[in-house]
Amino acid sequence: NAGVTQTPKFQVLKTGQSMTLQCAQDMNHEYMSWYRQDPGMGLRLIHYSVGAGITDQGEVPNGYNVSRSTTEDFPLRLLSAAPSQTSVYFCASSWDRVRTEAFFGQGTRLTVV
Amino acid sequence: SQQGEEDPQALSIQEGENATMNCSYKTSINNLQWYRQNSGRGLVHLILIRSNEREKHSGRLRVTLDTSKKSSSLLITASRAADTASYFCATDALVGTNAGKSTFGDGTTLTVKP
């Protein structure tokens, strides 16, 4: 049972490049979410999904797109990377939004130069 | 804007001592959860306490919730070096822009010296 798997673990991008951060879970969870964590800070919600085909914006959605074509996968796309998007990105999944524990991936450390 | 805020920002204790960290929030909540994050890793769930509960225990962890003061505390008893980590509270507001979403504070960094 792998839980939540994020790839890649590390990535360096040039300003203006695009890329997709992958997230997959094998627990059949309906709810998935993406957070970013800046140094010394907590997690801020970027986008979330309550099920396949349904996504919504979180606290800091600008510059990011998501889609949810299957229950298992929830990729995060950076459209045109900016230095302000340098951060550690975490994907999480749970049975529902807030009433049960969330399982987190190990994170993707992204640097935009 | 963040719903939960942890206090203190950093805490350093000796192995065997108890560690207490607090979380305050602004609006009424359904649940409050505590997570641990080891350096460079993802978050791991510790305890969920519902708004109608006042105290929960899990091993060496004790969580209290005071909805009248909009605050929660996490107590780690008989701390170990392996407890060194950052601890975050996550709340879900009943109303407002954060309603129905888990909102995290900036965390308390705990260092347990052997």
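The values are calculated or read from the model by the stated rules, or taken from the named source; none is laboratory data. All figures in this text were calculated on a predicted structure; none of them were measured in a lab. Glycine also receives a Cβ, built like all others from the backbone with ideal geometry; neighbour counts cover every protein chain displayed.
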When region A:62-86 is checked residue by residue, the ones that are within 25 Å of B:TYR35 (Cβ to Cβ) and either touching a Phe, Trp or Tyr at 6+ places or on another chain (Cβ under 6 Å) or modelled with pLDDT under 95 (or both) are A:ARG68, A:LEU76
Practice prompt. Return yes when A:ARG77 is buried (at least 20 other Cβ atoms within 10 Å of the Cβ), part of a strand (DSSP E or B), under 14 Å from the mean Cα position of the chain (by Cα) and not polar (S, T, N, Q) and no when it is not.
Written response: no
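Take A:TYR89 and decide whether it is modelled with pLDDT of 95 or more, closer than 25 Å to B:ARG36 by Cβ and of a type in the set (Ser, Thr, Tyr). Let's see the steps before the verdict.
On the way: modelled with pLDDT of 95 or more: yes; closer than 25 Å to B:ARG36 by Cβ: yes; of a type in the set (Ser, Thr, Tyr): yes.
Yes.
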Those strands (runs of 3 or more DSSP E) completely within region B:28-111 that have 2 or more residues that are aromatic (Phe, Trp, Tyr) are B:29-37, B:85-93
Notebook entry, point to check: Being within 13 Å of the chain's Cα centre (by Cα) and under 27 Å from A:ASP56 (Cα atoms), is that true of even one residue in region B:48-66?
Noted result: yes
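Is it the case that region A:34-41 has a residue that's within 25 Å of B:THR103 (Cβ to Cβ), buried (at least 20 other Cβ atoms within 10 Å of the Cβ) and of a type in the set (A, V, I, L, M)?
no
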Subset of region A:23-53, residues in contact (Cβ under 8 Å) with a residue 12 or more places away in the chain, within 13 Å of chain B (Cβ to nearest Cβ), in contact with an Asp or Glu (Cβ under 7 Å, 6 or more places away or on another chain) and aliphatic (A, V, I, L, M), comes to A:LEU45, A:VAL50
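Select from region B:25-47 the residues that are of a type outside the set (D, E, K, R) and within 16 Å of B:LEU94 (Cβ to Cβ) and write down the one among them that is surrounded by the most Cβ atoms within 10 Å (Cβ to Cβ). Talk me through it step by step, then tell me what you get.
So the first thing to find is which residues in region B:25-47 are of a type outside the set (D, E, K, R), and the list is B:25, B:27-35, B:37-40, B:42-47.
Filter again for within 16 Å of B:LEU94 (Cβ to Cβ), leaving B:25, B:27-33.
Values: B:TYR25: 24, B:THR27: 14, B:SER28: 14, B:ILE29: 26, B:ASN30: 16, B:ASN31: 18, B:LEU32: 28, B:GLN33: 26.
Within region B:25-47, the match that is surrounded by the most Cβ atoms within 10 Å (Cβ to Cβ) is B:LEU32.
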Within region B:18-32, can one find any residue that is out of contact with any strand residue (DSSP E or B) (no Cβ under 9 Å at 6 or more places or on another chain) and either on the phi < 0 side of the Ramachandran plot or at pLDDT 95 or above (or both)? no
Going through region A:79-94 in order, the residues found to be closer than 14 Å to A:GLN37 by Cα and either of a type in the set (Ser, Thr, Tyr) or out of contact with any strand residue (DSSP E or B) (no Cβ under 7 Å at 6 or more places or on another chain) (or both) are A:SER84, A:THR86, A:SER87, A:TYR89
Among residues of region A:54-74 being surrounded by 14 or more Cβ atoms within 10 Å (Cβ to Cβ) and of a type in the set (A, V, I, L, M), the residue nearest to the other protein chains (Cβ to nearest Cβ) is A:VAL60
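So which residues in region B:61-114 are polar (S, T, N, Q) and either within 14 Å of chain A (Cβ to nearest Cβ) or more than 22 Å from A:ARG99 (Cα to Cα) (or both)? Steps first, please.
The first filter runs over region B:61-114 and keeps only residues polar (S, T, N, Q), leaving B:64, B:67-68, B:71-73, B:77, B:79, B:84, B:86, B:91, B:97-98, B:102-103, B:108-109, B:111.
Those that are polar (S, T, N, Q) and either within 14 Å of chain A (Cβ to nearest Cβ) or more than 22 Å from A:ARG99 (Cα to Cα) (or both): B:THR77, B:SER79, B:THR84, B:SER86, B:THR91, B:THR97, B:ASN98, B:SER102, B:THR103, B:THR108, B:THR109, B:THR111.
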Check your understanding: Quick check: anything in region B:6-23 of a type in the set (D, E, K, R), free of Cβ contacts under 8 Å to residues at least 60 places away in the same chain and either facing chain A (nearest Cβ under 10 Å) or assigned to a loop (DSSP other than H, G, I, E, B) (or both)?
Key -> no
